[in-house]
Amino acid sequence: MLKISRDPFLRFTTLILITSSLFSYGTEARLHYYNDIHNPNSYPEPPYSSFSQSQPPSISPDPDDLSQPPSPCQDLDQEVVHDVRNYGAVGDGITDDTGAFKTAWDSACSNDEDNNTVSILLVPFGFTFVIHSTIFTGPCRSYQYFQVDGTIVPRDGPESWPSGFNKRQWLVFYRIKGMALIGNGVIDGRGQKWWDLPCKPHRNVNKTTALTGPCESPAALRFFMSSNLSMQGVTIKNSPQFHMTFDGCHEVHINSLRITSPPSSPNTDGIHIENSNSVEIHNSVISNGDDCVSIGSGSYNIDILNLTCGPGGHGISIGSLGNQNSRACVSNITVRDSFIKFSDNGVRIKTWQGGSGSVSGVTFDNIQMDNVRNPIIVDQYYCTSKNCPNKTNAVFVNDVVYQSIKGTYDRRSPPMHFGCSNNVPCVNLTVSDIDLVPSKGEMVVDPFCWNAYGVVDEFSVPSISCLKSDPSTLLLGGLLGECRV
């Protein structure tokens, strides 16, 4: 497998010595019979994680940083609770309580007590609070706890959305420097009427495509230009569009979160990450109608551990990247000890033709699949219509490891699909200890490769012979200057 040195002289020397293989693309997609030495029914349980599910990920607090939460070992001099009912919220599921929430937030955020004081905005159990599109703005003077024990809902559907309010977002947290979203309550986006808009690809019983029309729909939760965020315990469901997005954020710790919407709900990504870094998603469950987790451009140092995706949805995706000839950079992504079930895809990298930039330093390790249509897929021809033209540029996919990915797949598609750009190859792919068998029958579909280069470190099922080695200097010459973090 080609390894590209960081040293310019060694890089040049290495490329000069590479044997050209410009026209030696390898493709395979054959059917053959498989001896059923594995029992497909042995795969439904998620892999064991050595990490405790009872403790959230922790970060070392800086004693001089007021945005850090007090450590459990510290004595809190004061815990100031701001119950939204004390600010006029009714919680009857009918009355608009937006003003009361905003007042409670402003009061909690302005708390300027000493370092050992925290502010808690409490959404109490047993009440349903209606809130329209709202921005909670920071930074605050102390660490904030937004404790949801009751239920928060928006007005029901686009027709009841207040005029003049943004229809692309519902609950927005902006410039927050230290906050925990916690509790045992529910944030319910009431998405059904949004999913049924004429423009949505709503999958009815006849599988027909809906008409075009106005299609703005809000994400349930958006965190923008914020840091030191923690989420634990809350259930987020039925968002009109994405359930939770992070844009321009760093130091995000998600633990024991539950996100759910019907498999037919369109564009309901569970967690979307964009232009963000140092994000952890641990010990959580996401079942929805689109990507379980989607990682967009400008994201790096993302760690996903013990995540369950499905039933339904499109698996864990890097991308889509490079749309409208844009430059995209994604690096240092790790997905480990996770479980994907009854999903269209498993682990996926998807890019548009015509883009630039790179995806690098990606590891998928110990992933269990249960009846997944495309367990491993690189798609550099991603397109949402039938009219995408061929283009020569592409996002460079480099240094991706697939290790210990096991389970069952829907044999309508190959269990491994490396569909790389004609002009920009995927390089340094490492495939190790793969064991994927059809969920039904004995007919196995061989892996598919197009312009993909890498090595197979251990024996795998099905066998992988379509990866090529040593891409030519002509192919790689213009790629070495791609994204640097």
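The values are calculated or read from the model by the stated rules, or taken from the named source; none is laboratory data. In this text the structure is predicted, and so the values were computed from the model without any measurement. Methodologically, a virtual Cβ is constructed for each residue, glycine included, from the backbone with ideal geometry; neighbour enumeration extends over all protein chains shown. These accessible areas exclude ligands, DNA and RNA; they are computed on the full protein's heavy atoms, side chains included. Shrake-Rupley method; radii C 1.70, N 1.55, O 1.52, S 1.80 Å.
So the values come out like this:
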{"quantity": "Filtered residues of the range 338-352 (kept if open to solvent by 10 Å² or more (accessible area, probe 1.4 Å), more than 16 Å from THR408 (Cα to Cα) and over 14 Å from the mean Cα position of the chain (by Cα))", "calculated": "TRP352"}
{"quantity": "Hits in the range 368-386 - residues which are acidic (Asp, Glu) and either under 16 Å from ILE464 (Cβ atoms) or open to solvent by less than 30 Å² (accessible area, probe 1.4 Å) (or both)", "calculated": "ASP370"}
{"quantity": "Pairs where the first residue, in the range 325-340, is within 15 Å of VAL397 (Cα to Cα) and the second is open to solvent by 50 Å² or more (accessible area, probe 1.4 Å), C-beta under 7 Å, 6+ apart", "calculated": "VAL330/TYR300; SER331/TYR300; SER331/VAL485; ASN332/TYR300; ASN332/ASN301"}
{"quantity": "Criterion violated by GLY313 - all others in (1) in contact (Cβ under 8 Å) with a residue 60 or more places away in the chain; (2) crowded, with 24+ Cβ neighbours inside 10 Å satisfied", "calculated": "(1)"}
{"quantity": "Output for the range 232-283, where each listed residue is among the aliphatic types (A, V, I, L, M) and farther than 28 Å from CYS329 by Cα", "calculated": "VAL234, ILE236"}
{"quantity": "Unique match (being under 18 Å from the mean Cα position of the chain (by Cα) and either within 21 Å of ASP290 (Cβ to Cβ) or not small (Gly, Ala, Ser) (or both)) among TYR382, TYR409", "calculated": "TYR382"}
{"quantity": "Lone qualifier among ASN306, ASN301 - being open to solvent by 10 Å² or more (accessible area, probe 1.4 Å), of a type outside the set (Phe, Trp, Tyr) and farther than 20 Å from SER226 by Cβ", "calculated": "ASN306"}
{"quantity": "Matching residues in the range 369-379 - criterion: being among the acidic types (Asp, Glu) and more than 17 Å from the chain's Cα centre (by Cα)", "calculated": "ASP370"}
{"quantity": "Considering residues of the range 76-119 that are part of a strand (DSSP E or B) and crowded, with 19+ Cβ neighbours inside 10 Å only, the residue modelled with the highest pLDDT", "calculated": "HIS82"}
{"quantity": "Among the candidates SER297, SER278, residue that is of a type in the set (Gly, Ala, Ser), assigned by the TED database to the domain that holds VAL397 and at pLDDT 95 or above", "calculated": "SER297"}
{"quantity": "The lone exception for SER67 - which of (1) at pLDDT below 95; (2) in contact with a Lys or Arg (Cβ under 7 Å, 6 or more places away or on another chain); (3) assigned by the TED database to the domain that holds VAL186 it fails", "calculated": "(3)"}
{"quantity": "Within the range 433-470, considering residues that are hydroxyl-bearing (Ser, Thr, Tyr) and open to solvent by less than 10 Å² (accessible area, probe 1.4 Å), the one nearest to GLN368 (Cα to Cα)", "calculated": "SER460"}
{"quantity": "Residue within the range 152-159 that is assigned by the TED database to the domain that holds ILE94 and part of a strand (DSSP E or B) present", "calculated": "yes"}
{"quantity": "Residue satisfying all of: in the range 176-196; touching a strand residue (DSSP E or B) at 6+ places or on another chain (Cβ under 6 Å) and assigned to a loop (DSSP other than H, G, I, E, B); nearest to GLY91 (Cα to Cα) among these", "calculated": "GLY185"}
{"quantity": "Number of the condition not met by THR245 [criteria: (1) closer than 18 Å to VAL153 by Cα; (2) assigned to a loop (DSSP other than H, G, I, E, B)]", "calculated": "(2)"}
{"quantity": "Count of residues meeting criterion [hydroxyl-bearing (Ser, Thr, Tyr), buried (at least 19 other Cβ atoms within 10 Å of the Cβ) and at pLDDT below 95] in the range 134-165", "calculated": "2"}
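So that you can scan it fast, the table gives a plain yes or no per residue for (1) in a strand (DSSP E or B); (2) outside the structural domain of SER297 (by the TED database); (3) without any contact (Cβ under 8 Å) to a residue 60 or more places away in the chain; (4) open to solvent by less than 30 Å² (accessible area, probe 1.4 Å):
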site	(1), (2), (3), (4)
THR363	yes, no, yes, no
CYS388	no, no, yes, no
ASN393	no, no, no, no
ILE405	yes, no, yes, yes
ARG412	no, no, yes, no
LEU429	yes, no, no, yes
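Residue-by-condition table, conditions (1) within 24 Å of CYS140 (Cβ to Cβ); (2) modelled with pLDDT under 95; (3) touching a Cys at 6+ places or on another chain (Cβ under 8 Å); (4) open to solvent by 60 Å² or more (accessible area, probe 1.4 Å):
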residue	(1), (2), (3), (4)
PRO198	no, yes, no, yes
CYS215	no, yes, yes, no
PHE223	yes, no, yes, no
THR235	no, no, no, no
LEU257	yes, no, no, no
